[in-house]
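First up is the structure itself, then whatever we jot down about it.
The values are calculated or read from the model by the stated rules, or taken from the named source; none is laboratory data. Remember, it's a predicted structure, so these values are computed and weren't measured experimentally. Ideal geometry is used to build each Cβ from the backbone, glycine not excepted, and the neighbour counts take in all protein chains shown. Surface accessibility is based on the protein's heavy atoms, side chains included, excluding ligands, DNA and RNA. Shrake-Rupley method; radii C 1.70, N 1.55, O 1.52, S 1.80 Å.
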Amino acid sequence: MIKTLEWTSQGVRFIDQTRLPTEEIYVTCGTYQEVAAAIRDMVVRGAPAIGVAAAMGIALGVKQSTATDVATLRTEFGHICRTIGETRPTAVNLFWAIRRMQQKFESVASQGVHQIKITLADEAQQMLLEDIAANQAMGRHGAALMPSSGGVLTHCNAGALATCGYGTALGVIRAAIDSGKKLHVFADETRPFLQGSRLTAWELMKDGIQTTVIADNMAGAMMRQGKIKAVVVGADRIAANGDVANKIGTYSVAVLAKEHAIPFYVAAPWSTVDMNTATGEQIPIEQRSHKEVTHHAGKQIAPDGVLVENPAFDVTPNKYVTAIVTERGIARAPFVDSLKELAAVSAALV
Ligand code: MRU
């Protein structure tokens, strides 16, 4: 299995996703500031991977603290959490992870500095294991939704590289193939950062899964030609009403799928569901550098001074979503009710 991220004695080790698919290079972040930079610069990306990277960054910052009393460590801890929290605003897994580490800190605060350090490092590693288990559970739930054969379209990368292993949307595809389904993946290249062509195609080919890369503007034509039987994507944040924030371009795919009567599935761990955000309207959308749009591989591809927009995510209204697959089970419309029911499922039972 690809090791997207890993806790080591030297720091947090990442496969550098900015170098794929041509170079498989691993980098070790030796400080929490380096982990924050790795998240911001998309060395590590994908909502679940960002969450666990955040937890490991926090654990690393605490481990390296020279504080000798809990009060001083708590002040430093607050600063570390703020630094990590300012990296990327849309993936709610980042804030879920910070909250979980804060709760863990307080739960053992009375046991002193040494115990806090050990506990937070253990917690971050536990989160990695839980993420892989959640993906495998999503795969088990979602495999049945996939067609028995034919093309499945995905957008961006919601695979092993976007998680701690196996993937969400790609986990569903992997599980369906393991159960005997004959799927062929169509991967949108996903402008401007090209997570589809660089990352999804790379990891699926590594697994021997048949993959065709298409430019984003080809999806409609492929659907019209009957080549796509289902769409499955990941999510960065799912509002309580089932609106889904995911990589820019997801909304267009969802609208196209509805027009062609193709089911549109979203696979995401429960840590991506934000029951405190009522609708997609309230989800903050990260704006990234214009250079991602005006330049490709260091070469300028738009005129100097042209106006540019570069929202990293869009929101797909729940009316386009056929079902949301989580490790707790599958939610369908009305999502306000089905997500509330899943919220009541104890994580321990999953
Ligand atoms: O900007 P990115 O590459 O972090 O965006 C990733 C996505 O939009 C993924 O589809 C989403 O995080 C789901 S990953 C399992």
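Counting only Cβ charges, +1 for Lys and Arg and -1 for Asp and Glu, the dipole size of the stretch 1-44 around its Cα centre is about 80 debye.
For the chain, the residue among ALA47, GLN64, SER148 whose Cα projects farthest onto the positive side of the dipole built from Cβ charges is SER148.
The H on the amide N of THR212, modeled in the peptide plane, is under 5 Å from the matching H of VAL185, PHE186, ALA187, each at least 5 residues off or on a different chain. Taking every DSSP bridge with both residues inside the chain, close to 50 percent are antiparallel. Using only Cα atoms, tell me the angle between helix 169-178 and the longest principal axis of the chain; keep it within 0 to 90° and round to the nearest 10. The angle comes out at about 70 degrees.
Once the Cβ-Cβ distance of ASN276 and GLN64 is raised to the sixth power relative to R0 = 45 Å, the FRET efficiency obtained is 0.90. Debye-formula intensities of the chain, expressed as log10 I(q)/I(0) at q = 0.06, 0.12 Å⁻¹, are -0.21, -0.83 (one equal scatterer per alpha-carbon, no solvent). Stretched out straight at 0.36 nm per residue, the stretch from GLN10 to GLN136 would grow longer than its current Cα-Cα span by 42.5 nm. Per residue, the accessible area of the stretch 216-350 comes to 48 Å² when a 1.4 Å probe rolls over the protein heavy atoms. When the solvent-accessible area of the stretch 7-53 is split by element, carbon and sulfur atoms take up 46 percent of it, the probe being 1.4 Å.
Rounded to the nearest 10 square angstrom, LYS319 shows an accessible area of 130 square angstrom against a 1.4 Å probe.
Using a simple spin-label model with pseudo-atoms 7 Å out from Cα toward Cβ, SER179 and MET218 lie 2.9 nm apart. Output the 0 to 90 degree angle, nearest 10, between the alpha-carbon long axis of helix 70-85 and the longest principal axis computed from the alpha carbons of the chain. Result, in degrees: 20. Grab the beta carbon distance between SER289 and ASP337, set R0 = 41 Å, and tell me the FRET efficiency rounded to 0.05. It comes to 0.55. For the set LYS299, LYS181, solvent exposure ranked by accessible area (probe 1.4 Å, protein chains only) runs largest to smallest as LYS299, LYS181.
Whole-Hz Karplus values for the stretch 238-247 come out as 10, 6, 4, 9, x, 5, 10, 8, 8, 3 Hz, taken residue by residue from phi with 6.51 cos²θ - 1.76 cosθ + 1.60 and θ = phi - 60°; glycine and proline positions read x. Put a plus charge on the Cβ of each Lys and Arg, a minus charge on the Cβ of each Asp and Glu, and nothing anywhere else: the dipole of the stretch 42-170 about its Cα centre is then about 160 debye.
Over 27 Å between Cα atoms: which of LYS182/LYS319; LYS258/LYS299; LYS117/LYS206; LYS3/LYS63 fall into that group?
LYS182/LYS319; LYS258/LYS299; LYS117/LYS206
Residue order by solvent-accessible surface for ARG99, ARG140, ARG19, ARG174 is ARG140, ARG99, ARG19, ARG174, largest first, with ligands and nucleic acids left out and a 1.4 Å probe.
Counting only protein heavy atoms and using a 1.4 Å probe, the accessible area of TYR166 comes to about 40 Å².
Under 12 Å from a label point set 7 Å out along the Cα-to-Cβ vector of GLN210, the amide N atoms of the stretch 165-185 belong to 181-185. Label reach from SER149 (point 7 Å along Cα→C-beta): in the stretch 173-193, amide nitrogens under 14 Å belong to 180-184.
The C-alpha atoms of the chain define a longest principal axis, and helix 113-143 lies at about 10 degrees to it. Each 5 Å bin from zero holds the following percent of Cα-Cα pairs in the stretch 1-106: 2, 13, 25, 24, 19, 9, 5, 2, 1, 0.
In a DSSP loop and with at most 11 other Cβ atoms within 10 Å, the GluC sites (Glu not before Pro) in the stretch 18-83 are GLU23. At 7 Å along Cα-to-Cβ for each site, give me the label-to-label distance between ALA302 and THR22 in nm. Label-label distance for ALA302 and THR22, simple model: 2.3 nm. What you get for the stretch 228-317, charging only the Cβ of Lys and Arg (+1) and of Asp and Glu (-1), is a dipole of about 300 debye around the Cα centre. When VAL336, VAL108 are compared by accessible area of protein heavy atoms, the largest-first order is VAL336, VAL108, using a 1.4 Å probe.
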